[in-house]
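Notes for the one structure printed next.
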Amino acid sequence: MIKEGIINIRKPAGMSSHDVVYMVRKLTGIKRIGHTGTLDPEAFGVLPVCIGKAARLPDYLDQDFKTYRCSMYLGMSSDSQDIWGKEVEDRRESWRGRPELSEEKIRETLESFRGVISQVPPKYSAVRVDGRRLYDYARKGQDVKIPERTVYIADIRLLETDREQLKVTFDVKCTKGTYIRTICHEAGKKLGCGAAMCALERTESGYFSLENGVDFEAVKALAERRTALVDSLPKTRKMPRGRMNDRMILDGGLDALKELYGVEEPLPQQLYAEYAAIEDEINKMVIMPEEAMIHFGKCRILEDKTAKWFLQGGHGKMSEVNTLEEPEFAAKDFPLPMRDEYRRAYRLYAPEGGNYSGAFLGVAFYDLGYKKLVADKIFFNED
């Protein structure tokens, strides 16, 4: 069966994050799919896509840092703060060779963004104001007040300066919600020449990196194999729509597809073998959700009956678990406001050798008033 978890896809430039989600739906046949943070169409790199119950994961990743490699052109400006906007002005010729754009000055300007800063998101962005995306207002020529947001730049480093092209490349490590093209835009203002982003690669997002990612083309090829197999089934009806089918597909494989499509006649064994091979390839790509919760503590429940009670939404005492790791932020602060519960958040595991075979069950917060671990989200499927 297909595992619920995350496929960390290396998104290519030229497609939206939604296009990647669509391909994973096609790959798995599962509708409950989401991602952990949008990449603009021209950006590329790490895009973790969550399958099934793992779609609950992004709520727990607020303290994850994201790392980008960015290039910008100095002496350019754009209505979208990148070179793909409609109103692009190129004044590099007049700025080339000027002492105001020395490497030392550029490095100093970039490093001025370190720490907690305020940003105004670009008008061409997916941020919502009064229920509408900013790009909706911008495309219709409508003005709207864009609220500032507070973000944290943990690190920013100049890597290379192309003096001829006035192209600057830098790495930046930041909190979620940071707009890198806005850093480019603001750097251009500080230098007095303007700037527009011309390339963006996300190299890390919390636990996820280029190293544990898979190429989009590999996902696409596997999705096409699965589609061809499903198309070969002797169907008598279209598959019903809706998330109610997710659990069947996750658990039932080809037999679930037979039921959903109304297949009555026996299927050749080679179809089962091909479907099993596809499932195996998919599962090799899947990262389990608990691996991504790098800031949470870890507890092992001592008895099966307590594990079952937790799966039913019950609470537990700390004396009923073995604490293996403490939450990262139990004894230290995060540079931005955070949910207080995350200081007492634990991943809960079933007893080794018990009915649930040591499985990851879900997340619980220790309630200071109640003095118990209170179930927050269950990830384990008990059926």
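The values are calculated or read from the model by the stated rules, or taken from the named source; none is laboratory data. Since we're looking at a predicted model, the values are computed, not measured. With ideal geometry, Cβ positions are generated from the backbone for all residues, glycine too; neighbour counts draw on all protein chains shown.
Worth a mention:
- Any strands (runs of 3 or more DSSP E) falling wholly within segment 271-383 and containing at least 1 residues that are within 30 Å of G115 (Cβ to Cβ) and either in contact (Cβ under 8 Å) with a residue 60 or more places away in the chain or of a type in the set (G, A, S) (or both): 297-301, 345-349
- Subset of segment 227-251 [assigned to a helix (DSSP H, G or I) and closer than 12 Å to I30 by Cα]: R243, M244, N245, D246, R247, M248, I249, L250, D251
- Total residues in segment 360-383, condition over 17 Å from E320 (Cβ atoms) and out of contact with any helix residue (DSSP H, G or I) (no Cβ under 8 Å at 6 or more places or on another chain): 1
- Search result, residues across segment 117-171 that are acidic (D, E) and either under 22 Å from the mean Cα position of the chain (by Cα) or not assigned by TED's automatic domain parsing to the domain that holds W95 (or both): D155, D171
- Contacts under 8 angstrom Cβ, first residue in segment 1-25 being of a type in the set (S, T, Y), partner at pLDDT 95 or above and in a strand (DSSP E or B), 6 or more apart: S17/K11; S17/L47
- Verdict on V46 being in contact (Cβ under 8 Å) with a residue 12 or more places away in the chain, surrounded by fewer than 22 Cβ atoms within 10 Å (Cβ to Cβ) and either more than 30 Å from A187 (Cβ to Cβ) or not charged (D, E, K, R) (or both): no
- Taken over segment 102-161, residues that are charged (D, E, K, R) and farther than 26 Å from K173 by Cα amount to 7.
- Across segment 1-32, the number of residues qualifying as crowded, with 21+ Cβ neighbours inside 10 Å, under 13 Å from V286 (Cα atoms) and of a type in the set (A, V, I, L, M, F, W, C) comes to 6.
- Evaluating K189 against the criteria (1) in a helix (DSSP H, G or I); (2) touching a residue at least 40 places away in the same chain (Cβ under 8 Å); (3) under 13 Å from Y73 (Cα atoms) leaves one unmet condition, (2).
- Residues of segment 195-220 classified as part of a strand (DSSP E or B) and more than 13 Å from the chain's Cα centre (by Cα), total: 9
- Selection from segment 252-266 of residues that are of a type in the set (D, E) and either part of a helix (DSSP H, G or I) or crowded, with 16+ Cβ neighbours inside 10 Å (or both): D255, E259
- Members of segment 313-352 found to be among the charged types (D, E, K, R) and surrounded by 19 or more Cβ atoms within 10 Å (Cβ to Cβ), listed by number: R343, R344, R347
- Hits in segment 195-238 (condition: among the charged types (D, E, K, R), touching a strand residue (DSSP E or B) at 6+ places or on another chain (Cβ under 7 Å) and buried (at least 16 other Cβ atoms within 10 Å of the Cβ)): E201, R202, E204
- Residue in segment 144-165 that is free of Cβ contacts under 8 Å to residues at least 60 places away in the same chain, surrounded by 18 or more Cβ atoms within 10 Å (Cβ to Cβ) and assigned to a helix (DSSP H, G or I) present: no
- Top-ranked residue of segment 169-185 - restricted to ones that are of a type in the set (D, E, K, R) and not in a strand (DSSP E or B), ranked as surrounded by the most Cβ atoms within 10 Å (Cβ to Cβ): R181
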